[in-house]
Amino acid sequence: MSALKTPRTCPNGHRYYKTTDCPACPICENERGKKNNPFVGLSAPARRALEHAGISSLEQLALSCEKGILKLHGMGPGSMPKLRGLLAAQGLFFKKD
C-alpha cells in the first residue's frame with residue numbers, strides 16, 4: 001500500500017504534492033541549489049545538511065574533517081567525492097582527522 005500524495009503550497013506559492021510530512025518545497029529546493037551555491041551538484045539533503053551545520057562556503061567546509069561531515073544527517077558517502085572535487089578545484093582540502 002502506497003501513501004497518498006497530498007497537495008501543498010509553499011510560502012512562495014509553489015504547488016506540489018508530497019507523501020511525507022517534510023515541509024521542504026521541492027521547487028524551492030531546486031531553485032536554491034542553483035543560486036550562487038558552492039555546493040551545486042550535491043543532493044538536496046546533503047546541501048541542507050551543510051546549511052544546517054552553518055557551512056555555506058568551501059572555505060568553511062575545509063575547516064571540517066571528512067568524518068565530521070559524514071556524521072551530518074542527510075550527508076551520505078556518495079557526496080564525499082563531489083565535496084573533495086569542489087575543494088580541490090579551489091586548492092582546498094578537508095582538515096585532517
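Condition check for CYS22 on (1) closer than 16 Å to LYS82 by Cα; (2) without any contact (Cβ under 8 Å) to a residue 40 or more places away in the chain; (3) hydrophobic (A, V, I, L, M, F, W, C): one failure, at (1). Taken over the range 14-64, the residue count meeting the criterion of being at pLDDT 85 or above, surrounded by fewer than 12 Cβ atoms within 10 Å (Cβ to Cβ), touching a strand residue (DSSP E or B) at 6+ places or on another chain (Cβ under 9 Å) and not aromatic (Phe, Trp, Tyr) is 1. Contact map, the range 76-97: first residue assigned to a loop (DSSP other than H, G, I, E, B), second residue among the β-branched types (Val, Ile, Thr) and surrounded by 10 or more Cβ atoms within 10 Å (Cβ to Cβ), Cβ cut-off under 9 Å, separation 6 or more or different chains; pairs are PHE94/ILE69. The set of residues from the range 50-74 being assigned to a helix (DSSP H, G or I) and out of contact with any helix residue (DSSP H, G or I) (no Cβ under 8 Å at 6 or more places or on another chain) comprises GLU51, HIS52, GLU59, GLN60, LYS67, GLY68. Only one of (1) loosely packed, with under 11 Cβ neighbours inside 10 Å; (2) assigned by TED's automatic domain parsing to the domain that holds LEU87; (3) under 16 Å from the mean Cα position of the chain (by Cα) is not met by LYS67, so which one is it? The single condition LYS67 does not satisfy is (3). Residues in the range 85-97 that are surrounded by 13 or more Cβ atoms within 10 Å (Cβ to Cβ) and either among the aromatic types (Phe, Trp, Tyr) or closer than 18 Å to PRO45 by Cβ (or both): 2 in all.
In the range 10-29, the count of residues that are out of contact with any His (no Cβ under 7 Å at 6 or more places or on another chain) and within 30 Å of GLY91 (Cβ to Cβ) is one or more.
The values are calculated or read from the model by the stated rules, or taken from the named source; none is laboratory data. Small disclaimer: the values here were computed from a predicted structure and weren't measured. Note that we place each Cβ from the backbone using ideal geometry, even for glycine, and neighbour counts take in every protein chain shown.
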